[in-house]
C-alpha cells in the first residue's frame with residue numbers, strides 16, 4: 001500500500017498510463033485474506049524483484065523513500081521464507097491462543113423440577129435430557145434428590161439442605177460470572193424443586209426462576225453445571 005501511494009503521488013499526465021500499469025503490478029504483490037502466508041510467498045518470490053525494479057524508474061524524485069519501502073518489503077519476504085522463523089512464529093501464536101470449545105446448543109436445565117417424576121424416570125431407566133441436567137446440578141450442589149424425597153415429612157431439614165446447596169452454587173457462580181454479583185436459591189414445595197437466580201440490590205433481591213433468565217445466562221449456567 002505504501003509503495004502504491006508513493007507511485008500515485010508521482011503520477012503525471014505524461015507517465016499516467018505507465019504508472020498505472022506499475023501500480024497494478026505492485027498491487028498484485030499485496031497479501032489478501034484469502035492468502036495463507038505460504039501461498040502468498042510462493043506467488044511473489046519469483047516476481048517481486050522484477051516488479052519493484054520496474055516501478056523504481058518512476059520514483060526518481062523519491063528514490064530514497066522508494067528504496068526504503070522496497071527494503072522493508074524484501075525483509076518481510078525474507079522473514080517469511082525463513083522456515084525456522086516461521087516455525088517460531090507459529091509456535092508463539094499457538095501458545096497465545098485460548099482453548100475454544102464449540103457447542104451448537106446449550107444443554108437444557110429446567111428451573112422447575114418434579115422430584116416424583118424424576119424418581120419414576122430413574123426407576124424406568126427413562127431419564128430425559130432435563131432429568132440428566134438436574135441430576136448434574138444436584139451433584140454440583142452436593143445434594144441428593146432421593147434424600148430430599150425421604151425427608152418429605154421433615155421440612156426443616158430439607159430447607160437446611162437446599163439452602164446450603166444454594167450457597168455452594170452461588171459461591172461458584174460468583175467466581176465465574178463476573179458481570180455482576182448473583183445469588184442462586186433452591187426452593188422446595190412438596191415434590192417441586194425450583195431454581196431461582198437473583199440480582200441483589202441495595203434494597204432487595206430481584207429474584208426470578210432460572211427458566212425466565214436470559215438465554216445467555218441460561219447457556220452459561222447450564223454449561224457450568226454440565
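The values are calculated or read from the model by the stated rules, or taken from the named source; none is laboratory data. Everything quoted here is computed from the prediction, not taken from an experiment. Cβ coordinates were reconstructed from backbone atoms using ideal geometry, including for glycine residues, and neighbour counts include every protein chain displayed.
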Go through 163, 187 for me and flag whichever is in contact with a strand residue (DSSP E or B) (Cβ under 6 Å, 6 or more places away or on another chain) and more than 15 Å from residue 109 (Cβ to Cβ).
187
Quickly run through region 148-184 and pick out the residues that are closer than 15 Å to residue 207 by Cβ and more than 30 Å from the chain's Cα centre (by Cα).
162, 163
Is it true that residue 187 is at pLDDT 90 or above and within 29 Å of the chain's Cα centre (by Cα)?
no
Can you name every residue in region 192-221 that is buried (at least 16 other Cβ atoms within 10 Å of the Cβ) and either within 28 Å of residue 155 (Cα to Cα) or touching a strand residue (DSSP E or B) at 6+ places or on another chain (Cβ under 6 Å) (or both)?
193, 194, 195, 196, 197, 198, 210, 213, 221
Condition met for residue 149 (touching a helix residue (DSSP H, G or I) at 6+ places or on another chain (Cβ under 6 Å) and surrounded by fewer than 18 Cβ atoms within 10 Å (Cβ to Cβ)):
yes
Those residues of region 174-212 which are out of contact with any helix residue (DSSP H, G or I) (no Cβ under 7 Å at 6 or more places or on another chain) and part of a helix (DSSP H, G or I), in sequence order
174, 175, 211, 212
Being touching a helix residue (DSSP H, G or I) at 6+ places or on another chain (Cβ under 8 Å) and assigned to a helix (DSSP H, G or I) is the filter; apply it to region 73-112 and report the residue that is modelled with the lowest pLDDT.
80
Residue within region 147-169 that is in a loop (DSSP other than H, G, I, E, B) and within 21 Å of residue 221 (Cβ to Cβ) present
no
I'm trying to understand the selection: among the residues of region 173-184, which are surrounded by 14 or more Cβ atoms within 10 Å (Cβ to Cβ) and either closer than 16 Å to residue 151 by Cα or touching a strand residue (DSSP E or B) at 6+ places or on another chain (Cβ under 9 Å) (or both)?
173, 174, 182, 183, 184
